[in-house]
Structure formats: structure tokens, C-alpha cells
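Presented below is the structure to which this report refers.
The values are calculated or read from the model by the stated rules, or taken from the named source; none is laboratory data. None of these values were measured; they are calculated from a predicted model. Cβ sites come from the backbone with ideal geometry, for glycine too, and all protein chains shown count toward neighbours. Please note that ligands, DNA and RNA were not included when accessible areas were found on the heavy atoms of the full protein model with its side chains. Shrake-Rupley method; radii C 1.70, N 1.55, O 1.52, S 1.80 Å.
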Amino acid sequence: VITYSVTNQKGGVGKTVITAALGACLAELGYQVLLVDLDPQGHLTTGATGLPPTEPPVTLANAMLGEWIGYPKLLIASWRDRLDVIPTNLDGFLLDQRLIPLRGREYQLARVLEPLADDYDFCLIDAPPSLGILTDNALVAAGRVLIPVQALDSSLAALQLLIDQIRSLEQSLGVSVEIAGLVLNQYDARRGTVVTTAREALESLSVPMLGVVHDRAVINESWRRHVPLIEHAPDSTSAAEFRQLARLVAGRAAV
Ligand SMILES: Nc1ncnc2c1ncn2[C@@H]1O[C@H](COP(=O)(O)OP(=O)(O)OP(=O)(O)O)[C@@H](O)[C@H]1O
Ligand SMILES: [Mg+2]
């Protein structure tokens, strides 16, 4: 399995939209895909996919805390063909706090997902908008990160903070986390030079820009219907943008 953490501590940049839409495109390409809702807000679960949250005592949080030990298949729900989800549960809100005293607290998601490695080609982790232990768990479990960004000056500062966090995590734990690249989301050049110059600044960084997703109503519509974007609007420009991103992600994996 090749795992990406879709991460940015900045809120509302498109982590959940990209997790759901990119996952569906990878499944369309024929890959077995697992999405993990690591955000206690549960937007991937109840919002994007419309799946019910899991119930204690068998939740992702229970598993990460070692309160439930078993084959993680029991955590998984099916959303579409070849597209599975590990939903969140409200107990996730306490997870960050409760992981703090655990030995190996940054490795708990990796431990839970490990038995599934041969069942999937790709795993995408929807990380929460914070730089806490949950995000560290996502980064460690994935070893690769996709960073959604918006073309705003504030996104550049947030991005630097995230890159610093990744580097310090690598140093303190001795793990390696590859910054696979940025996905510029909700792009709308009509908003003027503040947006176009911010895009130029993002593109001049040493981190590759893997894709651009424009601001489009179909994205919110597919979310409301709880169906993948490529199913809701298969011929839209947004679907084409995500299919292109999926081909790139899949192509990088093949190298
Ligand atoms: N390209 C887009 N076009 C139109 N709307 C979008 C686009 N990307 C995201 N949105 C909308 O913006 C909102 C935030 O997106 P999303 O929830 O994916 O961000 P997030 O980074 O996961 O947020 P959080 O930090 O709260 O987890 C959602 O309502 C979503 O529907
Ligand atoms: Mg989200």
C-alpha cells in the first residue's frame, strides 16, 4: 500500500474534499483504495461520504488507544466499488489528549493500519486541522504528505509552519516523511492579483505543485449528495482536474 496523509493545519483548505475526490479517482483507475477519517470533526464520514460514524467499543479511536484489539477490517465501511472508508467517531475528540501519555503515541495509527497493507493499493488519511498528535500519527503512518493549499498569503506562512513541523518530527522520531507536493485548491484567478501572485509564490517553492483544483459549485453539490465528485459530475472540469491528479499520484507510485 502507498499511503498519503492529506495534511494542513490550516482549516478549510480542502483536505476532506481532496481525500474523497482523489480516492474515488484512484478507485476508478482500478486501484483498491482506503480512506481514513482521522479528523474528529468527521467531515469525511458524515459530510463527504455520508457513512455513519463507528460505535464504541470498536472505533478507530478505541483501536489507536489499544482499548480494542482486533483485525482492523471491522473498522471499515464500503463507500463505492474498490473504495473503503475507516469512519471517525465522536470519541475522536478526546483522542489527541488521550494519546499523550501512551508510549509510542505517534505510532498508533501506523500500528492499526499495518495489517491492512496488502489489502489496498492506496490509502489516503484525512488529517485534522491542527499540528497535534493526530497529525503526527497521520504523517508517521503515511510517510508521504499531500498538502492542500489556497492561493492566499496566509497559506504561505501556514505552509512554512507545516514544513517545519514535518522536519522536526523527522528529527525527533528518526522517521522520514516525503513531501509529495501541494494541491492548489479553490483557485479562482478572477479574484485578482492577490490570488495570482500567491500562486506564483507557491509555485516558486522547492515543493512540487501536483495539481490545481478550481473553485466550483459541483464540489459542494457532490458533498451534499454524499457521492464522489466523479460520479456526481463525471464530465465536469473539476472531475478532469481530480482525474489528472490521480494519474499523477498513481504514476509517481509506479516509478
Ligand atoms: N475546489 C472547491 N470548490 C468549491 N468548494 C470547495 C472546494 N474545495 C473545498 N470546498 C468547500 O470548502 C469547504 C472546506 O473544504 P474541506 O472541508 O475539504 O476543507 P478541510 O481542509 O478538510 O477543512 P477542515 O480543516 O475543517 O478539515 C467545504 O465546504 C467544501 O465543500
Ligand atoms: Mg477536513
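Laid out as a table, the results:
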{"quantity": "Accessible area of region 14-138 divided out per residue, in Å², using a probe of 1.4 angstrom", "calculated": "39"}
{"quantity": "Size of electric dipole in the chain: Cβ of Lys, Arg +1 and of Asp, Glu -1, about Cα centre, debye, nearest 20", "calculated": "220"}
{"quantity": "Gained length - ASN220 relative to SER154, 0.36 nm times residue gap less alpha-carbon distance", "calculated": "21.4 nm"}
{"quantity": "Positive dipole terminus of region 99-255, leading residue within LEU139, ALA198, ALA117 (C-beta point charges)", "calculated": "ALA198"}
{"quantity": "Cα-projected label distance for SER168 with TYR71, points at 7 Å along beta-carbon direction, nm", "calculated": "4.2"}
{"quantity": "Estimated FRET transfer efficiency when R0 is 25 angstrom, pair ASP235-THR196 (beta carbons, to 0.05)", "calculated": "0.35"}
{"quantity": "Stretch gain in nm, segment GLU178-SER204, where the contour uses 0.36 nm per residue and the Cα spacing is subtracted", "calculated": "7.5 nm"}
{"quantity": "Computed Kirkwood radius, in angstrom, where 1/r is averaged over Cα pairs of region 93-182", "calculated": "14.1"}
{"quantity": "Accessible-area composition of the chain, carbon plus sulfur, in percent [1.4 Å probe]", "calculated": "53"}
{"quantity": "Net charge, VAL1 excluded, C-beta distance under 10 Å - Lys, Arg +1, Asp, Glu -1", "calculated": "-4"}
{"quantity": "Region 211-255-region 49-83 distance, computed between alpha-carbon centres (Å)", "calculated": "25"}
{"quantity": "Convex hull of the chain built on C-alpha atoms - directionally averaged projected area, nm²", "calculated": "12.7"}
{"quantity": "Rg(Cα)/(2.2 N^0.38 Å) for region 7-80, N = residue count", "calculated": "1.17"}
{"quantity": "Chain lengthening between LEU161 and ARG103 when straightened (0.36 nm per residue, less Cα-Cα)", "calculated": "18.3 nm"}
{"quantity": "Summed residue charge, Cβ within 13 Å of TYR187's Cβ, Lys/Arg positive, Asp/Glu negative", "calculated": "-1"}
{"quantity": "Counted charge near TYR107, where neighbours are those whose Cβ lies closer than 11 Å (Asp, Glu -1; Lys, Arg +1)", "calculated": "0"}
